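First up is the structure itself, then whatever we jot down about it.
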Amino acid sequence: MTLGVGDHIPHIPGRTGEEEDLSTIIGVSPNGQTFGVGQRAAFLPRTVPLAGASLYESEDLDVMPISTFPFELTDRTRHLHGHPLADTNQCSEQEWEQMKPIIHRLYLEDGKSLDDVMSTMSLVYHFQASVKMYKTRFSKWGFAKNSKRCGRSARNSQYHATAPRRRQKRPIIASGPVKSFVRRQNHSPTAPAALLQSPDKYRRQELTVHCVQNYISVLFQNRGWMADMFGVFPPAGTSDHSAAWQQVSDQCFGASVLIQGSSMKQAFQTLNGIFQSLKPLASSSEPSMMVKFWPMCHRLHGICVDINDYQLLYTFLRHIRELTRNYLGTEHPMFLLMDALSSVEWGEMINTLRVGYLKSIHCMESAIGADHVTVLSMWSNYIKYWDRQSLHQAVFIANFTRLLTAADAQFGRKSEKAISVLHGFTYASFYNFDDQTLSRQLAEDLLERTRELHINGEYQWGFESQSFAFSSKVLALLCLRENLRDESRTYLADAISCLGHGDRECKVRAVMLAEDLEGWLTSWNDTYSAEVLRLQRMRLLSILSDGK
């Protein structure tokens with residue numbers, strides 16, 4: 001698929017078919033000027049509050065302090081069943097009767113386990129009740145399973161054609177809400193009865209939850225994927241594409257940066273690279289796909305909002321759907337997931353993506369541990385963008401500290417694993433806790449570890465250079481909060497200089513940082529320095545336009 005100019009894509013969210021061209025999602029002429037559909041958004045860079053400005057993510061929110069609640073959690077929370085709800089959190093008789101047909105369908109007609117039912121009812125319908133409450137209600141309603149029939153139905157719901165069954169001593173994946181570092185403050189209201197009369201959106205969310213569950217559970221139960229404290233590893237003879245998924249995710253962020261800066265020609269080149277990179281990745285199944293997919297969708301959703309046109313995200317989903325159809329078949333949960341998401345109405349898209357991401361976190365949490373660095377980072381991203389729930393900050397910090405100490409001792413302070421843990425710790429401190437003292441301490445440590453990590457004098461984009469750019473931005477923002485203008489300027493100027501001599505992705509980050517600093521200089525009435533920086537930024541964009 002090539003991102004060109006001129007072909008029109010009808011705006012039909014539920015459309016099916018072959019791969020689609022992205023060319024007029026964002027109209028752009030060869031000289032980089034916008035036109036047509038995309039012109040509606042005017043393509044002015046968004047003003048981002050300093051407290052929420054981010055290098056690491058595409059769509060920034062104001063940073064808010066996360067309050068803490070004193071409840072007990074052990075260091076390792078590998079529980080198969082969810083954190084029990086107190087029986088005092090009673091659902092009303094009306095709520096139970098309202099949900100009865102849905103629970104009947106899930107439990108008896110679809111043959112789902114009680115854990116599956118509870119997970120779906122909580123994530124999709126915001127209906128939360130304890131195991132004891134469900135069992136009491138089942139007895140009252142006379143809900144009893146025929147074991148042979150339901151066992152056969154449950155097996156048919158898995159993609160058994162591609163996943164050989166194997167006896168397990170106990171299941172690895174928990175379907176219910178998993179005990180973790182996040183605590184919900186209030187009982188969410190159940191879905192309105194009027195909306196349940198048109199259940200299409202809920203059924204798509206149900207399918208999203210079910211597909212995520214199947215995808216991740218088969219990888220760890222049947223395909224032999226393993227994990228230690230710091231990573232996830234494929235079985236012998238299976239390739240690990242986690243680095244490729246990270247690269248695609250970084251490119252997605254780069255495209256959002258370029259679009260926010262009105263650099264449309266360069267954004268098209270990046271988007272084209274993303275779609276080309278997806279082709280070899282779609283032929284394999286691995287956990288990193290579920291780790292990166294949902295944040296990528298969130299970034300693409302933000303781009304659609306920026307340009308006031310929604311086709312980019314739908315085309316992305318349909319592209320993956322067609323690739324998985326060709327490589328994995330129509331029975332595979334990834335195809336079913338993409339097919340369901342492709343038909344979600346735009347008004348329900350962001351909430352459906354949230355449900356899918358939260359279910360992915362729950363499943364990964366149960367498979368590799370709530371204190372695994374991947375799960376901690378997923379929670380940190382989710383809390384920032386999707387749900388500002390209360391986080392048990394002390395436990396979160398304790399686990400990151402323990403992981404960082406272990407990584408430093410085992411691999412060294414400048415190893416990729418240690419830098420990965422420290423990056424996640426800094427991100428959580430800055431965005432989730434809004435702890436300026438801890439954020440400065442961690443960011444300074446991260447900058448010191450990554451400042452000299454370049455190859456032959458040139459930065460190559462990777463986790464080290466990403467961490468260098470991120471820590472520079474965090475320190476600049478922290479200094480700006482204290483009105484330390486010279487220090488803020490120095491941090492960004494040093495990062496721009498280093499990244500500007502790097503590869504394409506490094507240059508994209510340099511452009512973004514230069515745009516930030518240019519805005520600051522203008523607000524400080526330093527027009528000469530701002531103009532010099534603008535010219536430097538334009539030179540970098542020219543290099544990017546040449547495909548370098």
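Just so you know, in the range 357-412 the residues that are in a loop (DSSP other than H, G, I, E, B) and touching a Leu at 6+ places or on another chain (Cβ under 9 Å) include one that is modelled with the highest pLDDT, and it is His372. The requirement of being aliphatic (A, V, I, L, M) and closer than 23 Å to Ala406 by Cα is satisfied by Val375. Is it the case that Leu478 is more than 24 Å from Cys252 (Cβ to Cβ), open to solvent by less than 50 Å² (accessible area, probe 1.4 Å), in contact (Cβ under 8 Å) with a residue 40 or more places away in the chain and assigned to a helix (DSSP H, G or I)? In short, yes. The single condition among (1) more than 30 Å from Arg223 (Cα to Cα); (2) open to solvent by less than 10 Å² (accessible area, probe 1.4 Å) that Glu345 does not meet is (2).
One residue alone among Asp503, Asp526, Asp546 is within 16 Å of Ser465 (Cβ to Cβ) and surrounded by fewer than 22 Cβ atoms within 10 Å (Cβ to Cβ), and that residue is Asp503. Within the range 238-256, the set of residues being over 11 Å from Glu286 (Cβ atoms), open to solvent by 10 Å² or more (accessible area, probe 1.4 Å) and hydrophobic (A, V, I, L, M, F, W, C) comprises just one member, Ala243. Scanning the range 316-334 for any residue that is farther than 22 Å from Leu513 by Cβ, among the polar types (S, T, N, Q), modelled with pLDDT of 90 or more and part of a helix (DSSP H, G or I) turns up at least one such residue.
Just one of the numbered conditions (1) assigned to a loop (DSSP other than H, G, I, E, B); (2) among the polar types (S, T, N, Q); (3) under 27 Å from Met378 (Cβ atoms) is not true of Asn483: (3). Would you check if there is a residue in the range 288-299 being assigned to a helix (DSSP H, G or I), aliphatic (A, V, I, L, M), farther than 16 Å from Met349 by Cα and open to solvent by 20 Å² or more (accessible area, probe 1.4 Å)? Yes, the range 288-299 has at least one match. Surrounded by fewer than 24 Cβ atoms within 10 Å (Cβ to Cβ), of a type in the set (Gly, Ala, Ser) and touching a residue at least 60 places away in the same chain (Cβ under 8 Å): is that true of Ser360 in this structure? Answer is no for this residue.
Here is a yes/no grid of residues against (1) assigned to a helix (DSSP H, G or I); (2) more than 15 Å from Gly254 (Cα to Cα); (3) of a type outside the set (Ser, Thr, Tyr); (4) open to solvent by less than 20 Å² (accessible area, probe 1.4 Å):
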residue: Leu442; (1), (2), (3), (4): yes, yes, yes, yes
residue: Phe468; (1), (2), (3), (4): yes, yes, yes, yes
residue: Lys473; (1), (2), (3), (4): yes, yes, yes, yes
residue: Ala493; (1), (2), (3), (4): yes, yes, yes, no
residue: Arg509; (1), (2), (3), (4): yes, no, yes, yes
residue: Glu515; (1), (2), (3), (4): yes, no, yes, no
residue: Gln536; (1), (2), (3), (4): yes, yes, yes, no
residue: Leu541; (1), (2), (3), (4): yes, no, yes, yes
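Pairs meeting the criteria (first residue in the range 300-322 and polar (S, T, N, Q), second residue surrounded by fewer than 24 Cβ atoms within 10 Å (Cβ to Cβ) and outside any helix (DSSP H, G or I), beta carbons under 6 Å, at least 6 apart or on different chains) are Gln311/Ile9; Thr315/Glu20; Thr315/Leu22.
Report every pair of residues separated by at least 6 positions or lying on different chains whose Cβ atoms are under 6 Å apart, first residue within the range 201-224 and farther than 9 Å from Val124 by Cβ, second surrounded by fewer than 22 Cβ atoms within 10 Å (Cβ to Cβ) and among the polar types (S, T, N, Q). Note: pairs meeting the criteria are Asn214/Gln158. Asp306 meets the conditions (1) modelled with pLDDT of 90 or more; (2) open to solvent by 20 Å² or more (accessible area, probe 1.4 Å); (3) over 20 Å from Asp116 (Cβ atoms) in every case but one. The failed one is (1). Within the range 382-399, is even one residue of a type in the set (S, T, N, Q), under 19 Å from Asp228 (Cα atoms) and open to solvent by 10 Å² or more (accessible area, probe 1.4 Å)? No. Filtering the range 206-237 to residues that are small (Gly, Ala, Ser) and either within 17 Å of the chain's Cα centre (by Cα) or open to solvent by 20 Å² or more (accessible area, probe 1.4 Å) (or both) leaves Gly224, Ala227, Ala236, Gly237.
The values are calculated or read from the model by the stated rules, or taken from the named source; none is laboratory data. Because the structure is predicted, anything quoted here is derived from the model rather than measured. For neighbour counting, all protein chains shown are included, and Cβ atoms are generated from backbone atoms with ideal geometry for every residue, glycine included. These area figures cover heavy atoms from the full protein model, side chains too; ligands, DNA and RNA do not enter into them. Shrake-Rupley method; radii C 1.70, N 1.55, O 1.52, S 1.80 Å.
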